[in-house]
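Here the structure comes first, spelled out in structure tokens, and everything after it is commentary.
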Amino acid sequence: METIHIQTESKNYPVYIGEGVLNKLRTFLNDYFTNLTRIFIITDETVANLHLDKLSSVLNPWNPIIFTTPSGEKAKTFEVFYAALSKALEDQLDRKSVILAFGGGAVGDLSGFVASVFMRGIPFIQIPTTILAHDSAVGGKTAINHPLGKNMIGAFYQPEAVFYDLELLRTLPPQEVRSGFAEVIKHALIHDVDFYYWLKTSVQDLNAISAEQLTELLTKGIRIKNEFVRKDEKETGIRAYLNFGHTLGHAIEAEMGYGSITHGEAVMIGMIFALKLSKQLAGLDFELEEFIEWVEGLGYKTKIPKGLSVENLLRKMKHDKKSIAESIRFVLLESIGRPILKTISDSTIVEEIKVF
């Protein structure tokens with residue numbers, strides 16, 4: 001087991017990562033909370049079917065309340081958010097209660113937002129079940145979606161701890177493995193050139209990643225995330241670099257309909273577009289065709305899906321959180337590990353998307 005200490009201005013907390021760490025949850029709850037009244041588990045249909053029995057056995061001394069959401073981005077709606085709060089009120093959660101976010105990034109985002117507003121804030125713990133959640137479970141971003149933009153309604157609200165049991169990742173389907181690994185690549189590109197070349201050399205088949213490789217790449221990704229979060233918790237500066245690939249990626253997700261494409265697969269397309277812009281506008285020296293060949297070999301699509309309107313994508317990008325006064329700002333790379341924010345004109349974006 002690895003323990004990574006996340007440091008932010010508002011709270012410091014541990015991330016326990018490794019196989020079997022879920023078994024340490026009971027001890028943590030007993031040691032950390034005084035007079036714990038209720039445990040409220042928020043999970044989704046898929047995770048509940050696969051893993052809820054395992055979590056419930058760990059929580060045997062308590063009688064946890066279960067709230068089950070639809071799987072994927074369908075969990076992050078106003079309707080589900082309202083239903084979760086209603087369930088919490090009906091079952092008389094109070095300020096001595098704790099919420100457990102048991103699932104992927106969507107469940108974590110929803111659970112954290114519910115925790116942040118229920119009685120003006122109660123504790124929550126992240127128990128991620130996907131590779132993608134190595135990014136979303138750390139750093140305190142919580143949110144739900146709006147038809148006009150992804151993650152536009154939410155709060156910065158840090159968990160008390162993260163229990164990242166890698167045994168839970170064994171049931172992930174291939175598209176979810178791709179989704180999560182895209183964020184690992186992102187962390188390498190924006191922060192660590194050696195890590196990037198290690199990934200590119202070591203990972204040629206996502207189905208053949210060893211347990212040791214998985215532990216190493218996820219631990220490295222979380223440590224990189226912490227480097228940005230500890231310096232800029234509320235994304236007033238460098239934390240925005242973590243959105244590399246997300247400007248176009250989020251627009252693709254919104255335009256296709258949340259859940260029609262996985263987050264990481266959309267971000268991969270966004271990263272390739274941002275790398276192309278980086279070569280043209282930021283002087284990046286990078287073998288883009290070699291990169292595309294590598295990720296296509298891992299199963300990624302590398303072009304914008306057919307049928308999407310350039311004008312609609314542009315409109316969605318204007319609703320991106322990094323946009324200021326409707327000016328679209330992209331995270332670009334001057335070199336691997338050296339990201340910058342750059343405002344790009346509408347006409348340039350439209351022209352480059354059409355070429356892309």
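Derivation of every value follows stated rules applied to the coordinates shown; laboratory data play no part. All figures in this text were calculated on a predicted structure; none of them were measured in a lab. Virtual Cβ from ideal backbone geometry, glycine too; neighbours counted across all protein chains shown.
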Handout entry: Crossing angle, helix 246-256 versus the chain [Cα axis fit, 0-90 degrees, rounded to tens]
Key = 80
Practice task
Kindly state, to the nearest 0.05, the FRET efficiency for residue 345 paired with residue 231, given R0 = 35 Å and r defined as their beta-carbon distance.
Solution key: 0.70
Handout entry: Over the range 54-121 - Rg/Rh using Cα atoms and the Kirkwood inverse-distance radius
Key = 0.95
Fill in the blank from the handout: If one compares the long axis through the Cα atoms of helix 263-281 with the longest principal axis of the Cα atoms of the chain, the angle in degrees, nearest 10, works out at 30
Handout entry: Residue-averaged [θ]222 nm for the chain, counting only DSSP H segments that reach four residues, each worth -39500 (n - 2.57)
Key = -14000 deg cm²/dmol
Handout entry: Spacing of the two label points (7 Å from each Cα toward its C-beta) at residue 83 and residue 117, in nm
Key = 1.6
Fill in the blank from the handout: With Cα springs under 10 Å, the Gaussian network model of the chain assigns the largest mean-square fluctuation among 237, 221, 104 to 237
Exercise for the section: Rounded to the nearest 10 degrees, what's the angle between the helix 288-297 long axis and the longest principal axis of the chain, both from Cα atoms, 0 to 90? Expected result: 40
Exercise for the section: Just tell me the longest site-free run in the chain, where the sites are trypsin sites (Lys or Arg not before Pro) in a DSSP loop having at most 13 other beta-carbon atoms within 10 Å. Expected result: 97-230
Exercise for the section: Pairs to check: 234/276; 11/54; 141/303; 276/306. Give those whose C-alpha atoms are more than 24 Å from each other in this structure. Expected result: 234/276; 11/54; 141/303
Fill in the blank from the handout: Note on the chain, DSSP bridge orientation, antiparallel percent to nearest 5 equals 50
Exercise for the section: Would you kindly state how much longer the chain becomes between residue 204 and residue 63 on full extension, computed as 0.36 nm times their sequence separation minus their alpha carbon distance, in nm to one decimal? Expected result: 46.3 nm
Handout entry: Square roots of 5 times each gyration tensor eigenvalue, C-alpha, the chain, largest first, Å
Key = 33, 22, 18
Fill in the blank from the handout: residue 197 and residue 290 label points (each 7 Å along its Cα→Cβ direction) are spaced in nm at 1.0
Problem - Gain in span if fully extended, residue 335 to residue 312, counting 0.36 nm per residue against the direct Cα distance - result: 5.2 nm
Practice task
Please report the base-10 log of the normalised intensity I(q)/I(0) for the range 231-292, using a Debye sum with one equal scatterer per alpha carbon and no solvent, at each q in 0.14, 0.15, 0.16, 0.30 (1/Å).
Solution key: -0.48, -0.55, -0.61, -1.10
Problem - Integer Hz, Karplus 6.51/-1.76/1.60 couplings in order for the range 143-158, x for Gly and Pro - result: 5, 10, 8, 10, x, 8, x, 7, 6, 8, 10, x, 8, 8, 8, 7
Exercise for the section: Determine how many Å³ per residue the convex hull of the Cα atoms of the range 240-342 encloses. Expected result: 101
